[in-house]
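> Before I ask anything, let me first share the structure, which is written out below as structure tokens.
Every read-out reported here was derived from the displayed coordinates using simple, explicitly stated rules and does not represent laboratory data. Small disclaimer: the values here were computed from a predicted structure and weren't measured. Cβ placement follows ideal geometry from the backbone for every residue including glycine, while neighbour counts extend to all protein chains displayed.
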Amino acid sequence: MADAVDELGFSPKLREFLAGLAPAELAYLDGLTAGTVTASKALVADANKDLASLRNLTVTGPITYDHNTGITAFATGGQASATALTGEYNNVTVCATAGDSVKLLTAVAGQTQTVKNNGAAALDVFPNTSDAINGLSANTAYSLPVGAEVTFRAIDAATWHTQAAANIREIAKLSGAPFTVTTASTTPASGSCAAQFVVKDADGVAVTVPVSLEAYLTASATGLTHDAAGTSIAVLTNGALTVEDATALVGPFFRITTTAAGLIGLTLTSGAGTYYIAFILPNGKLAMSSAIVVN
């Protein structure tokens, strides 16, 4: 038979347990709210195993953080289907193609997530829907170079900031890419093609001061061929570039300056063909454009 209970619903065993507690110990339980830390009360996690408003905590041993490894970035990239990063530390080991993507948690002020790119190509790290990273537009990816590791800290409910951004910038400089140049758009037409390019810094943000770059026009998608005859430098201001002889194209060599928004726009006038612009980065390496097609 079950133990009889008294008028308060207490069983004899419960009464015996309570009798062994001092009044001060009972006070630790009285009036507490699960999941909320209250002064001089016991700590009781809520249904999600969460605790809120704990002020200071001193530990005498190492803390083990949530660690996720063996993460595969979503092939073909984009935010919608990007691999969700759910842990505090996230080691991406498979990033086969530049632009394959992962996605941070929804920003909560004070939250941090660290991402390591151990893949084979540059990794796109997207914020969650409607969030932003650094000064980028909402829903825009942060490009993480191969071998780099960055900690993202949410400064409010919609914005992540990267820590150690200067270190990433230095890594990019050492790898030969203080800037990146990407093709934003091309508009092929008969006898010409309008093209626009964007110059970004090592953090993946469009430069906000004019940057002058030297470049070659070439018919090779992989770079330049030697021009034995030599070519002269042309100075352009986001304008027109005319090619008179496209039969054995190895030039011309020109210099062009971005707008304050990091954009380069020009129209190539030429005979029909497929061309490329090889932008020469400050360290001498090349950034190749996408195909510029003249019909």
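> Per-residue counts of other Cβ atoms within 10 Å, averaged by peptide: what ranking do you get for 111-120, 25-34, highest first?
111-120, 25-34
> Relative to the compact-globule scaling 2.2 N^0.38 Å, provide the ratio for the alpha-carbon radius of gyration of the range 67-163.
Normalised Cα radius of gyration, the range 67-163: 0.93.
> Calculate, in nm to one decimal, what Ala184 and Val293 gain on full extension: separation in residues at 0.36 nm each, minus their alpha carbon distance.
Gain in length upon complete extension: 37.8 nm.
> Gain in length, Asp50 to Thr267, computed as 0.36 nm per residue apart minus the alpha-carbon separation, to one decimal in nm?
Between Asp50 and Thr267, full extension yields an extra 72.3 nm.
> Also, quick follow-up: Counting only residues 5 or more places away or on other chains, whose amide H sits under 5 Å from the amide H of Gly77 once H atoms are built in the peptide plane?
Amide H neighbours of Gly77: Ser101.
> Where does each of Thr259, Thr274 land when they are ranked from fewest to most other beta-carbon atoms within 10 angstrom?
If I rank by nearby Cβ atoms, fewest first, I get Thr274, Thr259.
> Okay, next question. Going 7 Å from the Cα of Phe17 in the Cα-to-Cβ direction, what parts of the range 24-39 have a backbone nitrogen less than 20 Å from that spot?
Residues 24-35 qualify, since their backbone N sits under 20 Å from the label point.
> Output wanted: per-residue J couplings in Hz (rounded whole) for the range 265-273, from phi through Karplus 6.51 cos²θ - 1.76 cosθ + 1.60, θ = phi - 60°, x for Gly and Pro.
x, 8, 10, 8, 10, 6, x, 4, x
> For the range 214-219, what does the Karplus curve 6.51 cos²θ - 1.76 cosθ + 1.60, with θ = phi - 60°, yield as ³J(HN,Hα) per residue in whole Hz, taken in order and with x for Gly and Pro?
Karplus values, whole Hz, x for Gly and Pro: 8, 8, 10, 9, 9, 9.
> Quick check: the distance between the Cα centres of the range 65-100 and the range 111-125, to the nearest angstrom?
A separation of 7 Å, based on Cα centres.
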